[in-house]
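Novice: Input: one structure, supplied below.
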Amino acid sequence: MNRSTLTLTLAGSLATALASVAFAAPLPAEKMVGNEKCYGIALKGQNDCAAGAGTTCAGTSTMDYQGNSWKAVPAGTCTSMNVDGHKGMLEPMKG
Amino acid sequence: MTASKTQAYALPARAGLGLKPEHYETVLANRPDVGFFEVHAENYMGAGGPPHRYLEAITELYPLSLHGVGLSIGAAHELDKAHLKRLRGLIDRYRPQSFSEHLAWSTHDTGFLNDLLPLPYTPETLARVIDHVDETQQALGRRLLLENPSTYVLFADSTIDEVDFLATIAERTGCGLLLDVNNVMVSAVNHRLDAATYIDRFPVELVGEIHLAGYDETVDDAGDRLLIDAHGTAVKSDVVALYQHTLARSGPLPTLIEWDNDVPDFATLQAEAARADAMLAAEALRRNGQRIRAA
Amino acid sequence: MTMDLAASQTAFADALLHADRPVPDGITTARGEADAARFAVYRNNVFVGLTKALAQRFPVTERLVGTQFFVAMARAYAQDHKPASPLIIEYGGDFPDFIASFQPASKLAYLPDVARIEAAWMRAYHAADATPLDLAVLAAVAPERLADLRLVAHPSTGLIRSGYPVGSIWSAHQLETVTPITDWRPQDVLVVRPEMTVNIHILPSQDAVFAACLFDGATLGAAAEAALTEAPAFDFGAALMGLVSLGAFRALQPDEGNVP
């Protein structure tokens with residue numbers, strides 16, 4: 001696309017998009033931010049409680065798996081996620 | 001309501017609680033009667049977001065204790081200047097009533113080791129820690145409280161008693177001390193020492209804050225009792241008794257309930273704080289009674 | 001024999017990070033002898049602390065593979081990836097890349113991208129606060145300047161371009177009961193926190209190239225041409241306005257003017 005055509009195309013396209021908003025609903029700008037219905041698909045997310053372990057000054061008596069010899073069999077929900085018709089598989093991991 | 005941050009430059013002699021993200025909303029909505037809140041400094045070193053928004057709102061209502069977990073004051077290598085700068089930024093922003101760190105190390109060439117590791121108590125390490133406390137207080141522009149550690153092993157090289165080690169650091173640097181009563185119990189049981197004797201020898205006049213927490217218990221390879229500073233339960237009864245013994249010597253002091261793992265609902269934390277508050281009030285009454293009888 | 005402090009800490013750290021090493025010299029107990037179970041408390045604290053931090057940052061990844069597999073994978077990562085600083089809130093930023101190279105999980109081709117959404121979620125959560133670019137500012141740009149304009153991404157913005165429906169997989173795992181994904185096709189996911197809530201959006205597929213170019217600093221003109229080359233259905237105005245309305249940008253590039 002040559003330069004002037006590009007400029008015209010972009011400007012026209014943006015003007016059309018902006019105009020559609022102006023006519024559809026004269027929302028204040030701050031309401032536009034994050035307005036899920038406008039664009040894309042908004043996914044309902046986790047809440048802030050999952051904000052991470054962070055740094056702690058405590059120790060733990062939970063035991064680490066290190067030293068246990070075990071094999072991981074397919075587990076978790078990956079087995080129900082369909083990948084091109086195949087069930088998700090984890091390979092055995094040697095401890 | 002509790003003292004606002006513009007008032008006293010010290011924590012009140014009340015029970016305080018660790019502030020956890022899952023309780024931000026509860027605290028702001030209910031404004032519970034809690035003496036102060038404590039946060040781990042490193043969890044507020046992100047650039048922005050909800051943690052800062054909540055901490056700002058909560059420090060408008062409650063005194064704040066800023067507790068560092070990653071400065072590695074006991075490290076052989078130099079202090080991390082970038083980390084000192086981050087701490088200074090937090091202190092300037094939130095003006096906490098108290099700032100504390102640990103007598104421990106946690107960084108090495110391989111990176112941050114994410115645990116509070118023990119030090120041999122020798123003249124060499126004493127000199128190192130004194131230098132680091134001096135540097136920290138200089139960089140932060142304020143006094144630091146240094147906390148006694150929970151330890152699981154001893155060093156054959158150690159020649160200085162832990163209480164003497166801490167007292168000497170405080171004397172040389174002017175820093176205060178944070179007395180973790182649970183840590184005293186953990187280390188005393190682990191090293192076959194008497195916890196009450198440790199408290200009796202501790203320079204309580206330098207203590208700016210007390211910590212209480214729950215330990216877990218297991219055994220070592222010889223079948224000896226091994227306590228772990230786990231912060232995942234209520235304070236154990238022997239630690240409550242040791243706290244009582246401490247208060248009788250020290251008088252009422254700001255007392256934090258630490259519960260960092262398997263964090264319960266806020267009401268459970270408040271019940272723990274209420275128990276400590278009742279003991280603090282009883283000690284204050286006892287002292288008043290003594291003064292009145294003496295007069 | 002007295003070891004100097006630096007050597008003593010090097011020996012301690014070395015034994016800490018390698019479970020097969022003996023308790024270092026000079027570490028003892030009240031009984032006067034070394035005790036492996038006691039030294040193991042420190043070793044355990046390091047690894048459980050790090051794997052727990054990863055589990056909290058990557059809860060969907062953990063659900064996908066199950067706790068036992070996740071802990072083993074997290075431990076393998078932690079063995080060679082110590083936090084660079086005491087900021088555990090930043091730990092695990094490159095865990096998704098590690099997962100991508102982790103052979104036992106290689107059959108779960110979508111796993112690294114799901115983890116990338118979770119890594120981006122935490123980055124967005126702690127990112128600097130900034131007021132997003134206002135549509136009115138964009139509307140005020142002179143038409144002839146549009147093609148050369150560059151936008152500054154919002155500090156919280158992250159884009160995950162995947163060959164798998166990772167947005168749907170992530171979303172399905174926010175619920176207690178996970179339902180299988182029926183519509184198995186590639187998705188591009190935008191992570192952004194314009195205010196105090198981290199938002200996750202699946203972008204219209206024809207707009208992802210455009211978004212990626214803009215986040216990389218391309219001009220609107222160059223980004224639009226790249227998008228049109230890949231997807232003739234690309235609608236510049238709708239895409240730009242859409243991304244701006246989600247809060248994906250902070251401002252126009254200062255050298256392009258119009259910035260307060």
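The values are calculated or read from the model by the stated rules, or taken from the named source; none is laboratory data. Quick caveat, the model's predicted, so the values are computed rather than measured. We place every Cβ from the backbone using ideal geometry, glycine too, and count neighbours over all the protein chains shown. Areas reflect the complete protein model, heavy atoms only, side chains present, ligands, DNA and RNA absent. Shrake-Rupley method; radii C 1.70, N 1.55, O 1.52, S 1.80 Å.
Novice: State which entries of A:LYS44/B:LYS81; B:LYS81/B:LYS236; A:LYS44/B:LYS85; A:LYS44/C:LYS107 exceed 29 angstrom in Cα-Cα distance in the structure shown.
Specialist: Table pairs above 29 Å Cα-Cα are A:LYS44/B:LYS81; B:LYS81/B:LYS236; A:LYS44/B:LYS85.
Novice: In addition: Distance in nm between label sites at A:SER80 and C:LYS107, each 7 Å beyond Cα in the beta-carbon direction?
Specialist: Modelled inter-label distance: 1.9 nm.
Novice: Specify the angular offset, from 0 to 90 degrees and rounded to the nearest 10, of the alpha carbon long axis of helix C:111-126 from the longest principal axis of the alpha carbons in chain C.
Specialist: Orientation of helix C:111-126: about 80 degrees from the principal axis.
Novice: Give the B-A buried accessible area in Å², both sides summed, 1.4 Å probe, nearest 100.
Specialist: Counting protein atoms only, the buried area is about 1200 Å².
Novice: Output the Kirkwood hydrodynamic radius of region B:9-122, Cα pairs only, in Å rounded to one decimal.
Specialist: The Cα-based Kirkwood calculation yields 15.3 Å.
Novice: Given a 1.4 Å probe and every protein chain left where it sits, what share in percent of the accessible area of chain C is carbon and sulfur?
Specialist: For chain C, the apolar C and S fraction of the accessible surface comes to 52 percent.
Novice: Quick test of the membrane-span-like rule: which DSSP H helices of chain B reach at least 27 Å along their long axis (C-alpha atoms) with mean Kyte hydropathy at least 1.0?
Specialist: Membrane-span-like by this criterion, though nothing is claimed about a membrane: none.
Novice: Principal axis extents for region C:79-192, Cα atoms only, whole Å, descending order, please.
Specialist: Largest to smallest, the principal-axis extents are 54, 42, 28 Å.
Novice: Which shape class, rounded, prolate or oblate, goes with chain B when its Cα gyration tensor gives a ≥ b ≥ c as root eigenvalues, a/c under 1.5 marks rounded, and past that a/b bigger than b/c marks prolate?
Specialist: Here chain B falls in the rounded category.
Novice: Next up: Can you tell me the dipole magnitude for region C:1-108 around its Cα centre, using point charges on the Cβ only (Lys, Arg +1; Asp, Glu -1), in Debye to the nearest 20?
Specialist: 420 debye
Novice: What whole-number distance in Å separates the alpha-carbon centres of region C:228-257 and region B:177-211?
Specialist: When both Cα centres are located, 61 Å separates them.
Novice: What nm value, rounded to one decimal, do you get for the distance between B:ARG225 and A:VAL21 when each label is placed 7 Å out toward the C-beta?
Specialist: According to this spin-label approximation, the distance is 6.7 nm.
Novice: Give the accessible surface of chain C per residue, rounded to a whole number of Å², with probe radius 1.4 Å and ligands, DNA and RNA excluded.
Specialist: Here the per-residue accessible area is 37 Å².
Novice: Continuing with the same structure: Taking only C-alpha pairs under 8 Å that are 6+ residues apart, what is the relative contact order of region B:32-92 in percent?
Specialist: That works out to 42 percent.
Novice: Give me the number: length gained by fully extending B:ASP238 to B:THR268, i.e. 0.36 nm times residue separation minus the C-alpha to C-alpha distance, one decimal in nm.
Specialist: Length difference between fully extended and current span is 8.9 nm.
Novice: Distance between the C-alpha centers of region A:1-23 and region C:40-91? Whole Å please.
Specialist: For region A:1-23 versus region C:40-91, the Cα centre distance is 49 Å.
Novice: Now for a different question. Quick one: Kirkwood hydrodynamic radius for region B:150-254, alpha-carbon pairs, angstrom, one decimal?
Specialist: Roughly 14.4 Å, rounded to one decimal.
Novice: Per the helix-only calculation at 222 nm, which mean residue ellipticity applies to the protein assembly as shown, given -39500 (n - 2.57) for every DSSP H run of n ≥ 4 and division by its residues, nearest 500 deg cm²/dmol?
Specialist: Helix contribution divided over all residues of the protein assembly as shown: -13000 deg cm²/dmol.
Novice: Can you tell me the alpha carbon radius of gyration of region C:1-108 divided by the globular rule-of-thumb value 2.2 N^0.38 Å?
Specialist: 1.27
Novice: Please list B:ARG287, C:ARG75 in order of solvent-accessible area, largest first, computed with a 1.4 Å probe with all protein chains present.
Specialist: Reading off the accessible areas and sorting them downward yields B:ARG287, C:ARG75.
Novice: In percent, how large is the relative contact order of chain B, given Cα pairs closer than 8 Å and 6 or more residues apart?
Specialist: Relative contact order for chain B comes out at 18 percent.
Novice: Which one of B:GLY251, B:HIS191, B:ALA170 is farthest out on the positive end of the charge dipole of region B:15-294, using unit charges on Cβ (Lys, Arg +1; Asp, Glu -1) and the Cα centre as origin?
Specialist: B:GLY251
Novice: Could I ask something else about it? Excluding ligands, DNA and RNA, what is the accessible area buried between chains C and B, summed over both sides, using a 1.4 Å probe, to the nearest 100 Å²?
Specialist: Approximately 4100 Å², summed over both chains.
Novice: Could you give the distance between the Cα centres of region B:135-156 and region C:179-221, to the whole Å?
Specialist: Taking the Cα centre of region C:179-221 as reference, the centre of region B:135-156 is 46 Å away.
Novice: Using r as the Cβ-Cβ distance of B:ALA196 and C:LEU175, and R0 as 60 Å, what FRET efficiency do you calculate, to the nearest 0.05?
Specialist: E between B:ALA196 and C:LEU175, to the nearest 0.05, is 0.70.
Novice: Starting from one equal scatterer on each C-alpha and no solvent at all, send me the Debye-based log10 I(q)/I(0) for the protein assembly as shown at q = 0.06, 0.11, 0.12 Å⁻¹, two decimals.
Specialist: With no solvent term, the Cα-only Debye profile gives -0.39, -1.11, -1.24.
Novice: Okay, moving on. Just check region B:104-169 against the gyration tensor rule for me: Cα atoms, a ≥ b ≥ c as the square roots of the eigenvalues, rounded for a/c under 1.5, and otherwise prolate or oblate depending on whether a/b exceeds b/c.
Specialist: It comes out oblate by the Cα gyration axes.
Novice: List the residues of region B:143-167 that lose 20 Å² or more of accessible area once all protein chains are present, compared with their chain alone (1.4 Å probe, heavy atoms only, no ligands or nucleic acids).
Specialist: B:TYR152, B:VAL153, B:LEU154, B:PHE155, B:ALA156, B:ASP157
Novice: Also, quick follow-up: Kindly express, to the nearest 10 degrees and within the range 0 to 90, the angle between helix C:236-246's C-alpha long axis and the longest C-alpha principal axis of chain C.
Specialist: Roughly 50 degrees between the two axes.
Novice: Am I reading the C/A interface right? What is its buried accessible area, both sides, 1.4 Å probe, to the nearest 100 Å²?
Specialist: Approximately 5800 Å² gets buried when C meets A.
Novice: Percent of Cα-Cα pairs per 5 Å bin, from 0 to the last occupied bin, for chain C, please list those.
Specialist: P(r) over chain C, rounded to whole percents: 1, 5, 11, 13, 13, 12, 10, 9, 7, 6, 4, 3, 2, 1, 1, 0, 0.
Novice: Kindly provide the pair-distance distribution of region C:128-260 built from C-alpha pairs, with 10 Å bins from 0 and whole-percent values in order of increasing distance.
Specialist: 12, 41, 32, 12, 3, 0
Novice: Please identify which residues in region B:172-187 have an amide N closer than 20 Å to a label point set 7 Å out from the Cα of B:GLU217, following the Cα→Cβ vector.
Specialist: Counting backbone N atoms under 20 Å from the label point, the list is B:181-187.
Novice: When the accessible area of region B:203-264 is computed with all protein chains present and a 1.4 Å probe, what percentage of it is carbon and sulfur?
Specialist: Carbon with sulfur: 51 percent of the solvent-accessible area.
Novice: First compute the accessible area of region B:41-112 with a 1.4 Å probe, then give the percent of it belonging to carbon and sulfur atoms.
Specialist: Ligands and nucleic acids excluded, carbon and sulfur give 50 percent.
Novice: What size of dipole, in debye to the nearest 20, comes out for region B:1-99 about its Cα centre when the only charges are +1 on Lys and Arg C-beta atoms and -1 on Asp and Glu C-beta atoms?
Specialist: Result for region B:1-99 is approximately 240 debye, rounded to the nearest 20.
Novice: Given a 1.4 angstrom probe, what's the average accessible area per residue across chain B, in square angstrom?
Specialist: 37 Å²
Novice: Suppose R0 equals 22 Å; then what is the FRET efficiency for C:ALA231 and C:TRP184 from their Cβ-Cβ distance, rounded to the nearest 0.05?
Specialist: Rounded to the nearest 0.05, the efficiency is 0.65.
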